[in-house]
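Note sheet for the following structure.
The values are calculated or read from the model by the stated rules, or taken from the named source; none is laboratory data. Worth saying up front: this structure is predicted, and the values here are computed from it rather than measured. Glycine gets a Cβ as well: all are built from the backbone with ideal geometry, and neighbour counts include every protein chain shown.
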Amino acid sequence: MEKRHDTYGELTPEMFRVVGPRLAESDQMPKKTVSFWKEVWYRFRQNKLAVSGVFILAIIALLAIFVPEFSQYSYRDQLGVYNEAPSKEHWFGTDDLGRDVFVRVWYGARISLFIGITAAIIDLIIGVLWGSISGLFGGRVDDIMMRIVDILSAIPYLLVVIILLVVMEQGLLPMIIALSITGWVNMARIVRGEVLSIKNREFVLAARTLGASNWHLIVRHIIPNALGAILVTMTLTIPTAIFTEAFLSFLGLGVNQPIASWGTMASEGMGGLRVAPWRLFFPAFFISLTIFAFNAVGDGLRDALDPKLRK
Amino acid sequence: MNKNHKILEVKNLTQYFGPPSNPIKAVDGISFHIYEGETLGLVGESGCGKSTTGRSIIGLYNITDGEVIFKGQNVHQIKSKKEKKRLKREMQMIFQDPYASLNPRMTAGEIIGEGFDIHGLYKNKQERQEKIISLLEAVGLNREHMMRYPHEFSGGQRQRIGIARALSLDPSFIIADEPISALDVSIQAQVVNLLKELQEERNLTYLFIAHDLSMVKYISDRIAVMYRGKIVELGEAEEIYHHPIHPYTKSLLSAVPLPDPILERRRKRIPYVHEETPDTAAMHEPVPGHFVYGTEEQVRKWVQQAQR
């Protein structure tokens, strides 16, 4: 033990020099700053399937906006040529009433996208607020709000639409009302789960000690940190809504003639399957393509937002 | 330090969690006071209720029983929103984990300026920016750091942002909840020295919560030792460090590692055997200004042991 002490003794003060803290150097940072969203965008771009999904959706949206406006035919014009196969004149053929299927497909895309976007907005407004309030307040408020969600999610969407059709005229409105009643419960559940994990993090406590109101907490801390989960849920709600619309229209509970939607077109196309298969093929194809694209984007977003999940 | 003026008085503070029939007694009836301008160190092992005490005082939890009187006002009985906001500006908190206490989606400038938004201060954009920069500079950062996100900073820098946030509303009293325990040893000194400097400059009062006794002795004027939700010993820092009376304090002090390899080798740990304290236990003052928790007999026995 003594010997060891001697080796320590060999170090003399002359061997050391006080340099002092190099504060100027220690607090310098790399010039470039990468924000969270830039990183997400970078990872998203790596995913080929997701990027092609975005392209497909962009093209479908553009065609839905412009084709019905600028085409020489209208979705309701009966042109006198019935069940004609796809040709130079009519790219997707015509139907049994002599209407141009190409224009009708893009007109139908409007309805589908409209339903999808409406579902997303309802999700955002009702679902996110409901979930954040329920999670943040907790206790009895949370209990009551979540039981309401449980009850609503136990009612099938189809049933709500059929009940609404008893009192209302057939069309888009009952579908949207039914969506507003039941469509957001999934989002509310997911947001609530996120809020429960975020609200006990220290930065939320820090904001509370600064005197933040609950509204301030929701807007500044909880929603920005739950945004990833919200976005992913939304991209998966949209295709579900589109599919539901198509399904209801196929059953004859959707929009009225002569308005086209992919579901009604597929339903009518069923009748002429042997003579004019394109009448079923095109709307069915675009339903599948859109839903596929939305799911690809949703998966891509989820992986980009949380790269740990993938492995 | 102004020994005549008590800035904070805690009387019989009690904080239970869980069902009332079988509660978890996180804080079990503690009383102490803090003088204006002093630092009171609160030490104890993990789970003894140190952080809960801090959070109960600042009003993050609804307390089970007791009173917290800050500048003559009972903190938990303030009803009006205006008064509550005024209190928040007076009393602030620095958090333990610099990685969890900053919102990852906000820049350093937004984090420091958050208090201004909440209290509607510095509405003028330029004035606001200047104030944020002066706060950044006060904690040894600079204006370049304003637009950066928390993940770009090191642990020590993050903790300094947390300190700047706590200072943003010009408080007079700060609860520092283990502000250094998540940091590297080399950075701990930096942050503690910063806290000391700020205390002198701004005449701050600290409640400094930690489990590192040597660090607490360095920064505190007085030390309170907490064990199982109770304060078992309270007194001047030097007195507690050199003349501990309660066996738990002795055991805690014997566990402090020494930076000298020879002394460290000779250091003997004193194990603490838990002694149930009967209901008659209370705070006794065997030496003026030095309080020990226990029954009269226990305290007499401990004082004799300490004198030997």
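Within the bounds of region B:127-139, is there any residue that is on the phi > 0 side of the Ramachandran plot and among the hydroxyl-bearing types (S, T, Y)?
Within region B:127-139, none of the residues are on the phi > 0 side of the Ramachandran plot and among the hydroxyl-bearing types (S, T, Y).
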Those residues of region A:171-199 which are in a loop (DSSP other than H, G, I, E, B) and within 14 Å of chain B (Cβ to nearest Cβ), in sequence order: A:K199
Residue identified as under 30 Å from B:E137 (Cβ atoms) and in the same structural domain as B:L42 (by TED's automatic domain parsing) among B:Y218, B:Y227: B:Y218
Leading residue by the ranking (farthest from B:L169 (Cα to Cα)) among those in region B:132-144 that are away from chain A (no Cβ under 11 Å) and touching a helix residue (DSSP H, G or I) at 6+ places or on another chain (Cβ under 7 Å): B:R143
Any hit, region B:121-144, residues being free of Cβ contacts under 8 Å to residues at least 60 places away in the same chain, charged (D, E, K, R), crowded, with 18+ Cβ neighbours inside 10 Å and in the same structural domain as B:K6 (by TED's automatic domain parsing): no
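So that you can scan it fast, the table gives a plain yes or no per residue for (1) loosely packed, with under 14 Cβ neighbours inside 10 Å; (2) within 17 Å of the chain's Cα centre (by Cα):
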position	(1), (2)
B:L198	no, yes
B:K217	no, yes
B:H243	no, no
B:V273	yes, no
B:D279	yes, no
Condition broken by B:F17, with the remaining ones in (1) under 17 Å from the mean Cα position of the chain (by Cα); (2) more than 21 Å from A:L210 (Cα to Cα); (3) of a type outside the set (S, T, N, Q); (4) within 14 Å of chain A (Cβ to nearest Cβ) satisfied: (1)
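Quick test for you: out of A:A58, A:A50, pick the one residue that is exposed (fewer than 14 other Cβ atoms within 10 Å of the Cβ) and either at pLDDT 90 or above or part of a loop (DSSP other than H, G, I, E, B) (or both).
Selected residue: A:A58, the only one of A:A58, A:A50 that is exposed (fewer than 14 other Cβ atoms within 10 Å of the Cβ) and either at pLDDT 90 or above or part of a loop (DSSP other than H, G, I, E, B) (or both).
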Residue that is farthest from A:A241 (Cα to Cα), among those in region A:139-166 that are surrounded by fewer than 13 Cβ atoms within 10 Å (Cβ to Cβ) and at pLDDT below 90: A:G139
B:R55 under 17 Å from the mean Cα position of the chain (by Cα) and not aliphatic (A, V, I, L, M): yes
Among (1) modelled with pLDDT under 85; (2) surrounded by fewer than 15 Cβ atoms within 10 Å (Cβ to Cβ) - the single one A:G93 does not satisfy: (2)
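Please tell me if B:R105 is of a type outside the set (A, V, I, L, M), surrounded by fewer than 17 Cβ atoms within 10 Å (Cβ to Cβ), within 11 Å of another protein chain (Cβ to nearest Cβ) and farther than 30 Å from B:L252 by Cα.
no
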Within region B:44-90, tally of residues that are more than 14 Å from chain A (Cβ to nearest Cβ), crowded, with 20+ Cβ neighbours inside 10 Å and of a type outside the set (A, V, I, L, M, F, W, C): 4
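Suppose we filter B:I174, B:I223, B:I118 for residues that are surrounded by 18 or more Cβ atoms within 10 Å (Cβ to Cβ) and more than 14 Å from every other protein chain (Cβ to nearest Cβ); which single one remains? Explain how you work it out, then say what you get.
Working: B:I174 fails: more than 14 Å from every other protein chain (Cβ to nearest Cβ); B:I118 fails: more than 14 Å from every other protein chain (Cβ to nearest Cβ).
Result of the check over B:I174, B:I223, B:I118: B:I223.
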Residue list for region A:200-233, filter: under 15 Å from B:R165 (Cα atoms) and either outside any helix (DSSP H, G or I) or basic (K, R) (or both): A:R208, A:L210, A:G211, A:A212
Unmet criterion (only one of (1) in a helix (DSSP H, G or I); (2) surrounded by fewer than 21 Cβ atoms within 10 Å (Cβ to Cβ); (3) among the β-branched types (V, I, T)) for A:I259: (1)
Answer residue from region A:200-212, given it is within 29 Å of the chain's Cα centre (by Cα) and surrounded by fewer than 21 Cβ atoms within 10 Å (Cβ to Cβ) and is nearest to the other protein chains (Cβ to nearest Cβ) among those: A:R201
